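Heads up: the structure comes next, in C-alpha cells.
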Amino acid sequence: METTFDVRVYKILTYKGSRKTSYTVRWVVAGKPYREPFPTSALADSFRSELVSATRRGEAFSLSTGRPVSHQSGAGTVNWYAFAVQFTDAQWRRTSGNNRKNVAKALMTTTIALLRTPPPGRFAAVDVRTALREFAFNTNRRNEAPPEVSVILRWVERNTESMAAWEDPRKVDDVLHSLASKLDGTTAAASSIKRNRRVLNVAMEYAVKHGILRANPLPKGRGTTPPTSSAVDKRSLINPDHAASLLGWIRRRPRGGRRLHAFFATLYYAGPRPEEAVAMRVLDVRLPADDDEDQWGELLLHTARPEVGKQWTDTGKVHEVRGLKGRAKDDTRVVPCRPALTRILREHVKAEDLKPGDLLFSGEFGDVLAGSVFRRAWRSARQQVLAPAEFASPLGKRVYDLRHTCLTTWLNAGIPPAQVAEWAGNSVPVLLATYARCISGQLKDHQRRIEAGGDLPDPDEDR
C-alpha cells in the first residue's frame, strides 16, 4: 500500500442550509484534497481529532484513501484480482450456469476499471476481456488457459489495484460508471446495470464477511440504480390471425417444420417457458383417447433445460438440467392442454414415432432442441409473414412473446389470476405486475360495476 507523510488538516467547514446544518472535515494528502461531512459538530470534531493525532504520532496516510494507516482494514494487502478469483470459486459451487456467466461479465468490467495502467499495446482489448471472462472468472477453465491467455492474466494480476481501492469513494464511483456503460461509452440497459450491481454487491458482502473490508462501500437506497420494469409491452402480443399465419408458415417449412410447429403451438396454447418445453418428454403429456368426447389433456412440467453454453455447466453440455423456476426441487406444475393443442401433439407424436421416454421436441438428430434453431426459425417466419413495419415492431419479436400472449389470453378470458399464476409458474404479484397493462376487453363490465354504486342526486331536484 502506497503511503505518505505529507498531510495537512484544516478547520471544520460549517454549512447552514434551510433544513439542516452540516459540518465538513477537510484535509489534504500529498496535494490531494479530501472532505468528509458529518451531521453534528461533535462527530466532525472527533474525526478531525483522529486525523490530527495521527499526524502528531508521525503515522503514514494512505495515498488511495487519504486515511491514516491505522484506519485501514486489511484491504491493502489483498489484490483485487486474487479476491475476484476467490469469490468466483466460492460462488461457482452454488449457482446456475447463467448466474456464473453474469458474475464473470461483471467481474471482468470491474477488473478493467481497477487496473493501475491501461493494458500494453501488445494486448488487444478484446483479448483482455476474453481472458478475464472466459478463463480467469471461470472455475472450470482457468487451469486450461492457453499460454497467450496466461500471459495476459499474469499482467492483469500484477497491475490490479488492491482492495483498499474500495475505501476510496471516487474509485467506487469510477467502477460503478464502468458497470453502467457499454464499450462505446453509451449507457447500458437498466436491467444490465441492475444485474451488474447485484453481482458486485454480493462480492462486497463476501469481502466484509471475510474481514477484507470493514463495510460494504456500494451506495444504498433509492436512486442508486436506474428503475426497471417487468411489464410486458402490449405491442409484442400476437393476435390470432398473426399467430395462425406464423405457425402455418413454420409448419410448411421444409426442414423440421412440423416438429417446430408443434413446439411453437405448445408455447402459444399452454404458455410454458421455452426451457421448460424443450425438457418435456412424451410421458409428460397426458392426452385423452381419440374417441373421448372431452379432448382436454394435461402437460406435466417438472424440468427446465436452459441454454447457457458448455463452458458454464458442470457437465460440459450446452444445456443445464434444472428444476422449475421459483419452485422446490422435483416440484411439478400441471398445465391444461386445450383440444386444439391435443390434436397437434397427438399428430406430432405419431408422425415422429416417439416413445414415452423420448423428448417431445428434439433437435434434428434426437438431441435437445437448440435455442439457435427455434429462434432462427421464428425470425424467418416473422420476416416472411409480417409486413415490413410489423417486422420492425415489437410484435412477436421474441419466442418468449408466445408465452406472454398465452398468459394474457387467459387473463382476458376472466380466469382468476391465482389460477393463471399456478399454470404459468409465477406468483400472483409477479403475474399482475407483468401483465396488468395487457388486460383488456373487460372495461364495459368494470364501468357497469362502477355505475352500480349509484350517482349522487341531481342538485336541481331538491328545489
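Looking only at residues in region 109-153 that are surrounded by fewer than 16 Cβ atoms within 10 Å (Cβ to Cβ) and of a type in the set (D, E), the one that is nearest to F87 (Cα to Cα) is E144.
Just a yes or no: is a residue in region 425-441 of a type in the set (S, T, N, Q), assigned to a helix (DSSP H, G or I) and either surrounded by 14 or more Cβ atoms within 10 Å (Cβ to Cβ) or touching a Cys at 6+ places or on another chain (Cβ under 9 Å) (or both)? Taking every residue of region 425-441 in turn, at least one turns out to be of a type in the set (S, T, N, Q), assigned to a helix (DSSP H, G or I) and either surrounded by 14 or more Cβ atoms within 10 Å (Cβ to Cβ) or touching a Cys at 6+ places or on another chain (Cβ under 9 Å) (or both). The residues on offer are L179, L183, and the sole one that is surrounded by 14 or more Cβ atoms within 10 Å (Cβ to Cβ), in contact with a helix residue (DSSP H, G or I) (Cβ under 9 Å, 6 or more places away or on another chain) and hydrophobic (A, V, I, L, M, F, W, C) is L179.
Of all residues in region 86-104, those satisfying the criterion of being without any contact (Cβ under 8 Å) to a residue 12 or more places away in the chain and part of a helix (DSSP H, G or I) are Q86, N99. Yes or no: I238 aliphatic (A, V, I, L, M), closer than 26 Å to W80 by Cα, touching a Ser or Thr at 6+ places or on another chain (Cβ under 9 Å) and not in a helix (DSSP H, G or I)? No.
Flag set for S162, criterion: over 22 Å from the mean Cα position of the chain (by Cα), in the same structural domain as P119 (by TED's automatic domain parsing) and polar (S, T, N, Q). Within region 354-379, being over 16 Å from P306 (Cβ atoms) and touching a residue at least 40 places away in the same chain (Cβ under 8 Å) holds for L354, K355, P356, G357, D358, L360, S362, E364, A377, W378. Taking the listed residues A164, A84, A90, the one that is surrounded by fewer than 19 Cβ atoms within 10 Å (Cβ to Cβ), closer than 24 Å to K209 by Cβ and not polar (S, T, N, Q) is A90, with no other qualifying. Does T65 satisfy being outside any strand (DSSP E or B), closer than 26 Å to A207 by Cα and at pLDDT 90 or above? It is false that T65 is outside any strand (DSSP E or B), closer than 26 Å to A207 by Cα and at pLDDT 90 or above. Within region 308-348, the set of residues being in a helix (DSSP H, G or I), of a type in the set (S, T, N, Q) and in contact (Cβ under 8 Å) with a residue 60 or more places away in the chain comprises Q311 only. Kindly establish whether A387 is loosely packed, with under 13 Cβ neighbours inside 10 Å and over 26 Å from L287 (Cβ atoms). The answer is yes for A387. From the list F83, F123, the one residue that fits, being over 21 Å from the mean Cα position of the chain (by Cα), touching a residue at least 12 places away in the same chain (Cβ under 8 Å) and not in a helix (DSSP H, G or I), is F123. Summed over region 36-56, the residues that are of a type outside the set (S, T, Y) and exposed (fewer than 12 other Cβ atoms within 10 Å of the Cβ) give a count of 3.
The values are calculated or read from the model by the stated rules, or taken from the named source; none is laboratory data. None of these values were measured; they are calculated from a predicted model. Cβ: placed from backbone, ideal geometry, glycine included. Neighbour counts: every protein chain shown.
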